[in-house]
Every structure is written in C-alpha cells, then in structure tokens.
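Notes for the one structure printed next.
The values are calculated or read from the model by the stated rules, or taken from the named source; none is laboratory data. Here the structure is a predicted model, which is why all the values come from computation and not from measurement. We place every Cβ from the backbone using ideal geometry, glycine too, and count neighbours over all the protein chains shown.
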Amino acid sequence: MSFELSPAEREAMDRDGFVVRERVYTPDEAAQIAQECEDLAREITAAAHGSKHVVGSYMFERQDELELYVKWEPDHPDVLQGLEPFAHLSPTLRDRGLDARLVDPMKSFVGQDDIVLFTEKLNLKRAKQGGKYILHQDYPYWIRQNPHAGQVATAMIFLDESNRENGCLDVAPGSHREGVQKMREIDGFGDREMDTDRFDHGRLVHVEVPAGSVVYFGSLLVHRSLPNRSDKDRRALLYSYQPAGLPHAVELARAGRIEAANWLKKQNAAARS
C-alpha cells in the first residue's frame, strides 16, 4: 500500500510548505511509541554527565560516547527537553523511521524516491515545565553540517494530543518559498536563530491535532511551539530525511571530530618543531 501524497496534498506542500495527516497512528500505536521514547529517555538521563551549556536559546549536554546531544529545559535544567540524534541507540525507534507512512510522503518533500534518514529528534515538552521552541527554520542549523540541507524534510509524529494549551506546533504557511529569513546578528550558535522581531507573527497558524497525527514539512518552513501550560506532556518524535547516499548526522559528526583531532595534532607538531 502506498502512502504517497495525494494531488491535493502536493498542492498544499507547494503552497503552504507543510501537510497534516490526522490519526496516521492508532492510539495504541502512539502509546507504544511514546513508551519506547520514554525508555530511551530514561536510559540517557541515567548516563547524564551534568555538564550543561546554554547556547543560543537552548541548553545542551553533549554525550560523545553515545554520539548525541541531550537538550535540557533552560528554565528547569533538571528537566529533559529532548534528544538528537538517537536512531543509532535504539533499533526499535530506528525502524519506526522506516515506516512507509512516514517515508512515502517524504519522497515528495525531498524530491526523489530513494531517501534515507539524516537525523532524529525526540521532543518531550513536559507538563507545566516544557518550554518554547523559538521561531526558526531548520535549514540554518543544518547547512553548515549538511550541504544538502535544502532537500532535508521532516515528519513530526505527535504522540499526544497537541493543542494551544500544551504548546502545539505553529507554522507560517508559504514561508518555505522565501528562502532563509533574517538572522540575529550575534556570534556562535545563536547566529543561526531568526531575528523574530523582523517576522510577522500574525502569519502563524496553530496545528492542533489528535495523538498519532503527523505533520510533514521542509527545512525552510518557519515554525515554533510555545510552552506547555497544561498538566499533561506534549511529546513528539521527528524523523528528518535526505537523498539516499548522503551521510547520517552521526557520521558527519564523527568526520568532524576526526578532522578537528587531526588539525590539533598538526598544530601540536608544529609547536614542537
């Protein structure tokens, strides 16, 4: 059975930059996936080092031995915000990303039939403590690592009901056709953040969907989510796809560390000579 986009959905993709499918997964499936995510989150939290760094609007902890970034809530540093990437740590969740209900629609967004995973994210957004994800595009964060970032697209699975109270996804229809938005004029990781004062927030629409729904979108779509004010978690699982034959984010990170190590060796050797 094919789950590729219908003609009407292709029109929405071209016009709006995103497609919404409600109840792609049954409530039981969504609950099972949520439990798999919680199991992984618990394992990663147990291995946390406690070395957390605020970079831009986020708080990160890098776990080199596990080859992933752990995100913590800046306003609640002991509350886990998310993980990225993680498929190499969980065969079960890796295989979830190969589901035709995700892969088939993504072919249209990536622009070819043969696609593979680029990275994966788990967003937890805990009850009362889950903070905002700032207005942003994915492209600026990925382009320095992946020259094909313009072809990367994401399928976002909502594991819980998503609404305005618990911090649903907000998107700006049509923003994917405007290129890279104006960025903040600061140094470091923060310079990949949008200058939100120069964007019309009135363009944003709320994507309120039941558990098991999926939103598909490309790397240039402007989007955000506000804090979770409710007494229930708003968890989401994101799989990002790219053309086949390109390296996964884990492989790119390994190559970057090797390059940095080789550079440091050369500098040390030059200093000794």
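I need every pair where a residue in the stretch 93-113 that is among the charged types (D, E, K, R) has its Cβ under 7 Å from the Cβ of a residue that is in a loop (DSSP other than H, G, I, E, B), sequence separation at least 6 or different chains.
So the pair list comes out as R101/F3; R101/V24; D104/S2; D104/F3; D104/E4; K107/E4; K107/D113.
Exactly one of (1) touching a strand residue (DSSP E or B) at 6+ places or on another chain (Cβ under 8 Å); (2) under 26 Å from T196 (Cβ atoms); (3) of a type outside the set (F, W, Y) is unmet by K128. Its number?
Result: K128 fails condition (1) only.
Would you pick out the residues in the stretch 12-62 that are assigned to a loop (DSSP other than H, G, I, E, B), of a type in the set (A, V, I, L, M) and closer than 22 Å to A100 by Cβ?
The one that is assigned to a loop (DSSP other than H, G, I, E, B), of a type in the set (A, V, I, L, M) and closer than 22 Å to A100 by Cβ: V24.
Restricting attention to the stretch 110-131, which residues are of a type in the set (V, I, T) and either under 12 Å from the mean Cα position of the chain (by Cα) or under 17 Å from E84 (Cα atoms) (or both)?
V116, T119
Could you name every one of the strands (runs of 3 or more DSSP E) located completely within the stretch 132-225 that has at least 1 residues being surrounded by fewer than 17 Cβ atoms within 10 Å (Cβ to Cβ)?
Here the list reads 133-136, 205-207.
Filter the stretch 107-126 down to the residues that are part of a strand (DSSP E or B) and either modelled with pLDDT under 95 or in contact with a Leu (Cβ under 6 Å, 6 or more places away or on another chain) (or both), then identify the one that is nearest to N166 (Cα to Cα). Steps first, answer last, please.
From the stretch 107-126, those part of a strand (DSSP E or B) are 115-123; that's our starting set.
Checking which are either modelled with pLDDT under 95 or in contact with a Leu (Cβ under 6 Å, 6 or more places away or on another chain) (or both) leaves us with 121-122.
Numbers: K121: 19, L122: 16 Å.
Going through the qualifying residues, I end up with L122.
Looking at the stretch 243-254, I want the residues that are free of Cβ contacts under 8 Å to residues at least 60 places away in the same chain and have a partner that is among the aliphatic types (A, V, I, L, M) and part of a helix (DSSP H, G or I) with Cβ atoms under 7 Å, at least 6 apart or on another chain. Which pairs are those?
Listed pairs, sorted by first residue: none to list.
Can you go through L102, L83 and tell me which one is under 16 Å from the mean Cα position of the chain (by Cα), buried (at least 18 other Cβ atoms within 10 Å of the Cβ), in a helix (DSSP H, G or I) and not β-branched (V, I, T)?
L102
Looking at (1) assigned to a loop (DSSP other than H, G, I, E, B); (2) under 21 Å from H223 (Cβ atoms), can you tell me which one Q129 breaks?
Status for Q129: all satisfied but (2).
Determine if the stretch 56-63 includes at least one residue that is within 21 Å of R254 (Cα to Cα), among the basic types (K, R) and in contact (Cβ under 8 Å) with a residue 12 or more places away in the chain. Steps first, answer last, please.
To start, the set of residues in the stretch 56-63 that are within 21 Å of R254 (Cα to Cα) comprises 60-63.
Filter again for among the basic types (K, R), leaving 62.
Still in the list and also in contact (Cβ under 8 Å) with a residue 12 or more places away in the chain: none.
Scanning the stretch 56-63, I find no residue that is within 21 Å of R254 (Cα to Cα), among the basic types (K, R) and in contact (Cβ under 8 Å) with a residue 12 or more places away in the chain, so the answer is no.
Based on what the data block shows, is L237 of a type in the set (A, V, I, L, M), under 28 Å from V79 (Cα atoms) and either at pLDDT 95 or above or not in a loop (DSSP other than H, G, I, E, B) (or both)?
It is true that L237 is of a type in the set (A, V, I, L, M), under 28 Å from V79 (Cα atoms) and either at pLDDT 95 or above or not in a loop (DSSP other than H, G, I, E, B) (or both).
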